[in-house]
Amino acid sequence: MTANGAAPRSGGRVAALFRHWPRVAISLVPVLFALLHAVGVLELGLLHRLDHLINDARLRATMPRTLQKRVVIVDIDEKSLAEVGRWPWPQDRMANLVHEIFVRQQASVAGFEVVFSEPDDSSGLKRLRQLSREALRDEPGFVQKVSELENSLDYDTRFARALQGRPAVLGYYFTSDRDGGRSGALPAQVGSLNPGQMHPARMTTWNGYGANIEVIATAAPNAGFFNAIADSDGVVRSTPLLAEYNGHIFESLALAMFRRLIGYPGIEIGQTGTSGLTDAFSSPATVTLKQNGSRLTIPVDERAAALVPFNLKTAVETEITL
């Protein structure tokens, strides 16, 4: 008791807390759910959507209106198909496109968000070879003429020669289906999962792929997958930098292009801590690029994906005559 007979303030607060405990408990419930959501123990769709809306608003308000014109993405849209014709285009046209991009446009790096999955026989060379071996093998000068035309009519080789030694990064895609189909040649992996190593939680894992034919993949060995990851509302806000296939780790087209642009640094995959609530959700937390003593760390989420400040308003389409 105080001198005037009043109860101590702390005691009064405790008493008030007991009297109003239902209100206090109700107020703490949202805080508890938010904390559980933040550490990954409890997934709340409403909070995910709210977080997406806040991030979208922040991006629209702060996105710099800049554009790197020396970085090129080759993609085939509906307008291109209407003007040039259905895909795939002849590889000699793709060779002309490579010349335009790197020689005339002076691009620093170009990524191809298309796959060259089949040999190009549109020149008729395959049929000419068959005739020179069979029906017309005894025709004077025919076999010699076909041999002379090899270089000009082998469109795959022409395209491969155009890519050779250029800062070109090919694209391919991973699949996940019952058959696990595989076609083409995968690039070299950037890492592997050691035997017994805990699998990175929710890193995208695939059992098949569609890649480029050998002659083109060999000419441009730098390549990355272009699979997208959509959020729960169907919007693509991030891109996976890494993915796992058959125990090996591969890089995305975006990461492969960036590494090619800055001198092809090595990759170090960081992991989350080994204590606390993160134990059950162990996943890559960072992707670090290392070169000549320098380090560039890219934060990623549990899918090994990085948020991308997409800014479609500054995208530029270049008209090229093939």
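For the range 40-57, indicate whether the set of residues that are at pLDDT 85 or above, in a helix (DSSP H, G or I) and out of contact with any Leu (no Cβ under 6 Å at 6 or more places or on another chain) is non-empty. Within the range 40-57 (the criterion being at pLDDT 85 or above, in a helix (DSSP H, G or I) and out of contact with any Leu (no Cβ under 6 Å at 6 or more places or on another chain)), the answer is no, since none of the residues qualifies. Among residues of the range 168-195 that are outside the structural domain of residue 218 (by TED's automatic domain parsing), none has a beta-carbon under 7 Å from a residue that is assigned to a strand (DSSP E or B) and small (Gly, Ala, Ser) at least six positions away or on a different chain.
Scan the range 235-270 for residues that are small (Gly, Ala, Ser) and buried (at least 16 other Cβ atoms within 10 Å of the Cβ) and the total you get is 5. Can we say residue 93 is basic (Lys, Arg) and at pLDDT below 90? Considered against the rule, which asks whether it is basic (Lys, Arg) and at pLDDT below 90, residue 93 comes out as no. Of all the residues in the range 212-234, those that are of a type in the set (S, T, N, Q) and surrounded by 17 or more Cβ atoms within 10 Å (Cβ to Cβ) number 3. Here the condition is being under 30 Å from residue 84 (Cβ atoms) and either modelled with pLDDT of 95 or more or not assigned by TED's automatic domain parsing to the domain that holds residue 102 (or both); of 300, 215, it holds for 215 alone. When the range 228-244 is filtered for residues that are closer than 12 Å to residue 174 by Cβ and of a type in the set (Asp, Glu), only 244 remains.
Residues of the range 165-203 that are at pLDDT 80 or above, assigned to a loop (DSSP other than H, G, I, E, B) and surrounded by 14 or more Cβ atoms within 10 Å (Cβ to Cβ): 166, 167, 184, 186, 187, 189, 190. Starting from the range 103-124, take each residue that is closer than 13 Å to residue 89 by Cβ and list its partners that are of a type in the set (D, E, K, R) and buried (at least 23 other Cβ atoms within 10 Å of the Cβ), counting only C-beta distances under 6 angstrom and pairs at least six apart or across chains. Between residues of the range 103-124 that are closer than 13 Å to residue 89 by Cβ and residues that are of a type in the set (D, E, K, R) and buried (at least 23 other Cβ atoms within 10 Å of the Cβ), the close pairs are 120/156.
Scanning the range 218-238 for residues that are modelled with pLDDT of 90 or more and not in a loop (DSSP other than H, G, I, E, B) returns 218, 219, 223, 224, 225.
The values are calculated or read from the model by the stated rules, or taken from the named source; none is laboratory data. Model, not experiment: these values are computed from the prediction. All Cβ positions, even for glycine, are placed from backbone atoms using ideal geometry, and neighbour counts span all protein chains on display.
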